[in-house]
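Undergrad: My questions all concern the structure below.
The values are calculated or read from the model by the stated rules, or taken from the named source; none is laboratory data. Only a predicted model underlies this, so the values are computations on that prediction, with no experimental measurement involved. Glycine also receives a Cβ, built like all others from the backbone with ideal geometry; neighbour counts cover every protein chain displayed.
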Amino acid sequence: MSGAVKAGVRLTTGLTGLKVNHNPKHTLGVLYGKLTRALNKLPQDSAYRKHTEAIIKQRSAIVAQGATIEEIEQKINCGVIEEIIIQAENELQLARNFNNWKPWEPLVEKPAPNQWTWPPTK
């Protein structure tokens with residue numbers, strides 16, 4: 001665990017500008033619930049939905065089973081718990097954007113020849 005600890009309570013994250021979340025398990029539980037609901041609005045065959053649901057399901061289980069914040073941080077292995085919360089918030093925003101963008105729908109206009117090839121051909 002990063003940051004100063006006193007009597008089992010984290011006083012700092014050890015990262016400039018990142019404040020300690022005093023109830024991170026609850027915060028992550030709420031965010032993962034919202035994220036699951038946002039993903040449920042996407043088509044079931046969407047690659048983004050499938051892969052993100054798998055990650056969220058795994059992380060939700062870790063949070064639910066984690067006895068300590070340190071254990072959760074270690075098992076998720078993506079920084080301190082406050083960073084994991086930021087990641088969940090960002091993923092929630094992306095999932096909501098995907099629902100608005102609808103990238104699974106056909107293009108409005110036909111793409112230019114070789115639009116999706118690399119390196120470009122003439």
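Undergrad: Only one residue in Glu53, Glu105 is within 19 Å of the chain's Cα centre (by Cα) and not aliphatic (A, V, I, L, M). Which one?
TA: That would be Glu53, the only listed residue that is within 19 Å of the chain's Cα centre (by Cα) and not aliphatic (A, V, I, L, M).
Undergrad: Being among the β-branched types (Val, Ile, Thr) and touching a residue at least 12 places away in the same chain (Cβ under 8 Å), is that true of even one residue in the range 52-60?
TA: Step one: list which residues in the range 52-60 are among the β-branched types (Val, Ile, Thr), which gives 52, 55-56.
Then drop every residue that is not touching a residue at least 12 places away in the same chain (Cβ under 8 Å), which leaves 52, 56.
Yes; the residues of the range 52-60 include at least one that is among the β-branched types (Val, Ile, Thr) and touching a residue at least 12 places away in the same chain (Cβ under 8 Å).
Undergrad: Restricting to the range 96-122, give me the number of residues that are in contact with a Ser or Thr (Cβ under 7 Å, 6 or more places away or on another chain) and at pLDDT 90 or above.
TA: Count: 1.
Undergrad: I'm checking my understanding of the structure. Among residues of the range 45-79 that are among the polar types (S, T, N, Q) and over 26 Å from Leu11 (Cα atoms), which one is surrounded by the most Cβ atoms within 10 Å (Cβ to Cβ)?
TA: Ranking the candidates gives Thr52 first.
Undergrad: Taking the range 1-36, which residues are surrounded by 13 or more Cβ atoms within 10 Å (Cβ to Cβ), of a type in the set (A, V, I, L, M) and either at pLDDT below 95 or more than 21 Å from Glu53 (Cβ to Cβ) (or both)?
TA: Those that are surrounded by 13 or more Cβ atoms within 10 Å (Cβ to Cβ), of a type in the set (A, V, I, L, M) and either at pLDDT below 95 or more than 21 Å from Glu53 (Cβ to Cβ) (or both): Met1, Leu15, Leu18, Val20.
Undergrad: Could you list, in sequence order, the residues of the range 75-102 that are in a loop (DSSP other than H, G, I, E, B) and without any contact (Cβ under 8 Å) to a residue 40 or more places away in the chain? Step through it out loud before you land on a result.
TA: Initially, the range 75-102 is screened for residues in a loop (DSSP other than H, G, I, E, B), giving 77-80, 102.
Asn77, Cys78, Gly79, Lys102 - these are the residues of the range 75-102 that are in a loop (DSSP other than H, G, I, E, B) and without any contact (Cβ under 8 Å) to a residue 40 or more places away in the chain.
Undergrad: Do you know which of the residues in the range 84-122 that are more than 26 Å from Ser60 (Cα to Cα) and of a type in the set (A, V, I, L, M) is surrounded by the fewest Cβ atoms within 10 Å (Cβ to Cβ)?
TA: Applying the filter and picking the extreme gives Val108.
Undergrad: If Leu39 satisfies all but one of (1) surrounded by fewer than 16 Cβ atoms within 10 Å (Cβ to Cβ); (2) out of contact with any Leu (no Cβ under 9 Å at 6 or more places or on another chain), what's the number of the condition it fails?
TA: That leaves (1) as the condition not met.
Undergrad: Ok, one more. Which one of the conditions (1) under 23 Å from Asn21 (Cα atoms); (2) in contact with a Pro (Cβ under 9 Å, 6 or more places away or on another chain) does Ala88 fail to meet, given that it meets all the rest?
TA: Result: Ala88 passes all but (2).
Undergrad: Out of the residues in the range 6-21 that are assigned to a loop (DSSP other than H, G, I, E, B) and touching a residue at least 12 places away in the same chain (Cβ under 8 Å), state the one that is nearest to Val80 (Cα to Cα).
TA: The selected residue is Thr13.
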